[in-house]
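Bear in mind that the values in this text are calculations on the coordinates, not laboratory data. Everything quoted here is computed from the prediction, not taken from an experiment. When we count neighbours, we look across all protein chains shown, and the Cβ atoms used for this are built from the backbone with ideal geometry, even at glycine.
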Amino acid sequence: MDRGLLIISTLFFFLAMVWTTVAIKARRYRAAGFNFSAIALGFVCQTAFLTVRGHALGRCPLTNLFEVFIFLAWSVSLIYLLIGPAYRLSLMGAFTAPFVFGLQAFALLSPIDVPHPRVASPSPWLEMHASVSLIAYGAFALACVAGLMYLLQERQLKSRQINSLFYHFPPLTDLFAAITRLLWLGFVLLTFGIAAGFLTGQPLPYVKIAWSLGVWIFYAAILLARHLGTTAPRRIATLCVVAFSAALTLLWGITFLSQTHSL
Amino acid sequence: MNLFCVGLSHHTANVETRERFIGHAAIDRILREALGCSEAIFLTTCNRVEVYAASEQPIPTQRIAQCLLAEGMMAEDDEIEAFYRHEAQQCVQHLFRVASGLDSMVIGETEILGQVKKAYAAARESGAAGPLLHRLFQRAFRVAKQVRTKTGITRGAVSIGSVAVDLAEQIFGHFVTRKVLLLGAGEASERTARALVKRGVRDIRVTNRSPERAVALAALIEGRAVAMEDWESHCREVDILISSTAAATPLVTREKLAPLLHDRLDRPLFIIDIAVPRDVAPDVNEMEGVFLYDIDSLRSIAQQSLDLRRQQIAAGEEIIARHVDDFSGWFVSARERGSNSPQLGDPALRVSES
């Protein structure tokens, strides 16, 4: 039942992705409407999946790598739906849908939905730590998406070769402002998530502490560079892409290797 | 009932011919009283002169053309040949294409819609527009809106000034807090500066070898004149630099800009160099955060936009074709309901003597 909801959600993201690709290829892309609605419907199904799974488990559904991936995909959709329209970033949906689709398709097709043996209710701080940290990752994912958009738009402006999507992109300064806000949102949430991890009262694995602090320091350094004004926006955008790619790989690696990360 | 359009445009006549057929104040009355049109709308722009009309009896093109000349003038045969005539559904299709900007010299330009609306309003006021043309023109406005919003036909700027402004918008978004420096007070930079002021720029500084010219231009565009020798210090503050001096060698080089931009790396600098020979060394574009466009690159973007617009023509034609069919259907159903409205299905409407 719950996987069915997830499959429907994945189909909505697939639909958004295909529609955008076809519209861009036919040079008929219109920013508003279909794409946003498809992502919103996908989000509703994701939420329903997580609710059903959470009720079945009796806890926040973050017990294995499969659920971690879906929760991350849900966080990305949530933050896109909250900030996309507000910051005139509707084209961001064209980049967000393939990312979420990829995450969910990978989770559905891989043999990673293995029931976790632990049944005891975890500490609320541990649940808070895991869920807030993953929402922070959602913000970093969108900072990465905005960074990619910035790099593409900057490249078009530098090369003076514009394509039909050029005028659909948000202005460079707006994209940079969105990157900054997303970085701050992710950073504040991650700080809160890490702090919650230390309040669980349980011994934390060294690898997890090192990884969490490593990610936190990386993003702190990016924010510092951004606010000192000594690093060009293009480099900040590149760093957002690099930081999230590295953090996602590490998240996957650590969660995969260490079952202790799951609740 | 005949529904037809007679006219000439940039497609069929040069400007010398077009400027002879400009019509006159009493054209509506002449078309109705002297020629027997039951309804008539006269559209004139710098690129076209057209009469859209409905009549019980066919009216020859030559008689309509003669009406468009000033009193006492006679139309030459070769001038008459420049006139086109569209009947019934072709007339409907032609108006929809004109209103949508598909028939314009610059494809997708939107000024034409305002001109069509003005022509319609004038005819309505004088009583020359009856139920048929009223319905036809209202539909044309709807079609034009749909073509504009559902295709990319109006996307991208196609003149040097508007390309520069559009690019600035893609970099900065809004202009209210942006600062602009005009290096040289030439006519081209003045036009671009005016366009930026129109879009909201409030802080505009003008410098020129001749301070008098700088002061005069600054007064015209509500900016302020600054000393030529201070242009480098202003570069630290401005977001947009428009250069059009008559200098023989580049004024703005990497070496000069590097120290100025060092402490503003997080703010882009858009440089529009419309001088020939160029005022800005081309390698400035390689600097971090600097976007340099010279006259050739602006022209190239304008051409790319035009190419993109041309690719949208088919999509616009599809929308128009649907509306032409639908409009014809409306006439047929009106006839079936016993309405006295003229009908496109009526053979008399389709065949008319030219």
Folded to 0 to 90 degrees: helix A:2-25 orientation relative to chain A principal axis, Cα: 10
For chain A, size of Cβ-based charge dipole, Lys and Arg +1, Asp and Glu -1, in debye: 800
Angle between the Cα long axis of helix A:124-159 and the longest principal axis of chain A, 0 to 90 degrees, nearest 10? 20
Checked against the positive end of the charge dipole of chain B (+1 on Cβ of Lys and Arg, -1 on Cβ of Asp and Glu, about the Cα centre), the farthest of B:GLY223, B:SER126, B:SER162 is B:SER126
Per-residue HN-Hα couplings for segment B:192-199 [Karplus 6.51, -1.76, 1.60; θ = phi - 60°; Hz; x = Gly/Pro]: 5, 4, 4, 4, 5, 4, 4, 8
With angles folded into 0 to 90 degrees, how steeply does helix B:211-220 sit against the dominant principal axis of chain B? Use alpha carbons for both and round to 10. 40
Starting from the Cα of B:LYS118, draw a straight line to each of the aspartates and glutamates and keep only those under 19 Å, dropping any in the same chain fewer than 8 residues away. B:ASP28, B:GLU39, B:GLU50, B:ASP103, B:GLU109
Rounded, prolate or oblate: which one fits segment B:48-111, using the alpha carbon gyration tensor with axes a ≥ b ≥ c (rounded when a/c is under 1.5, else prolate when a/b beats b/c, else oblate)? oblate
Unit charges on C-beta of K, R, D, E only; dipole of the protein assembly as shown, Debye: 1780
Before rounding to the nearest 500, sum -39500 (n - 2.57) across all DSSP H runs of length at least 4 in chain B and divide by the residue total; then give [θ] at 222 nm in deg cm²/dmol. -14000 deg cm²/dmol
Considering the dipole of chain A built from charges on the beta carbon (Lys and Arg +1, Asp and Glu -1) around the Cα centre, which of A:GLY193, A:TYR219, A:GLN153 is farthest to its positive end? A:GLN153
Per the Kirkwood definition applied to all pairs of different Cα atoms, how many angstroms is the hydrodynamic radius of chain A? 19.0
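D for segment B:100-151, whole µm²/s, Stokes-Einstein with Kirkwood Rh over alpha-carbon pairs at 37 °C and 0.692 mPa s: what number?
For these conditions, the coefficient is 284 µm²/s.
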Taking only Cα atoms of segment B:165-217, radius of gyration then Dmax in Å: 11.3, 34
Under the Karplus curve 6.51 cos²θ - 1.76 cosθ + 1.60, θ = phi - 60°, whole-Hz ³J(HN,Hα) for segment B:89-101, x wherever Gly or Pro sits: 5, 5, 5, 4, 4, 4, 4, 4, 5, 5, 5, 7, x
Taking the alpha carbon gyration tensor of segment B:65-172, what are the square roots of 5 times its eigenvalues, largest first, to the nearest whole Å? 31, 20, 14
Which residues' amide hydrogens lie under 5 Å from the amide hydrogen of B:LYS179, considering only partners 5 or more residues apart or on another chain, with H built in the peptide plane? B:ASP239, B:ILE240
Using modelled backbone amide H atoms (1.01 Å from N, in-plane), which distant-in-sequence or interchain residues come within less than 5 Å of B:SER159's amide H? none
Run the reach check for A:LYS208 against aspartates and glutamates, Cα to Cα strictly under 16 Å, same-chain hits fewer than 8 apart removed. What comes back? A:GLU127
Per the Cα gyration tensor, segment B:135-223 corresponds to an equivalent ellipsoid with semi-axes, largest first in Å, of 35, 14, 11
In debye to the nearest 20, the charge dipole size for segment B:160-302, taken about the Cα centre with +1 at each Lys and Arg Cβ and -1 at each Asp and Glu Cβ, equals 460
Please give the average number of partner chain Cβ atoms lying within 10 Å of the Cβ of each residue in A:153-163, rounded to a whole number. 5
Pair-distance profile P(r), taking every C-alpha pair of the protein assembly as shown, with 20 angstrom steps and integer %: 17, 35, 31, 15, 2, 0
Any idea what log10 I(q)/I(0) is at q = 0.09, 0.16, 0.18 Å⁻¹ for segment B:160-302, Debye with uniform C-alpha scatterers and no solvent? -0.22, -0.76, -1.00
Report the one residue of B:ILE320, A:ILE179, A:ALA73 whose Cα lies farthest in the direction of the positive end of the charge dipole of the protein assembly as shown (charges on C-beta: Lys and Arg +1, Asp and Glu -1; origin at the Cα centre). A:ALA73
Name the long-range amide H neighbours of B:LEU269: under 5 Å, sequence gap of 5 or more, or other chain; modelled H, no Pro or chain starts. B:VAL290, B:PHE291
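Here are some pairs, A:LYS158/B:LYS256; A:LYS158/B:LYS145; B:LYS198/B:LYS256; which of them have Cα atoms lying more than 22 Å apart in this structure?
Those over the limit are A:LYS158/B:LYS145; B:LYS198/B:LYS256.
Among B:TYR84, A:TYR206, B:TYR52, which comes first, then next, by fewest other beta-carbon atoms within 10 Å? Working shown, then result.
On the way: B:TYR84 18, A:TYR206 8, B:TYR52 31.
Going from least to most buried by this count: A:TYR206, B:TYR84, B:TYR52.
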How are the C-alpha pair distances of chain B spread across 20 Å bins, as whole percents from the shortest bin up? 26, 40, 27, 7, 0
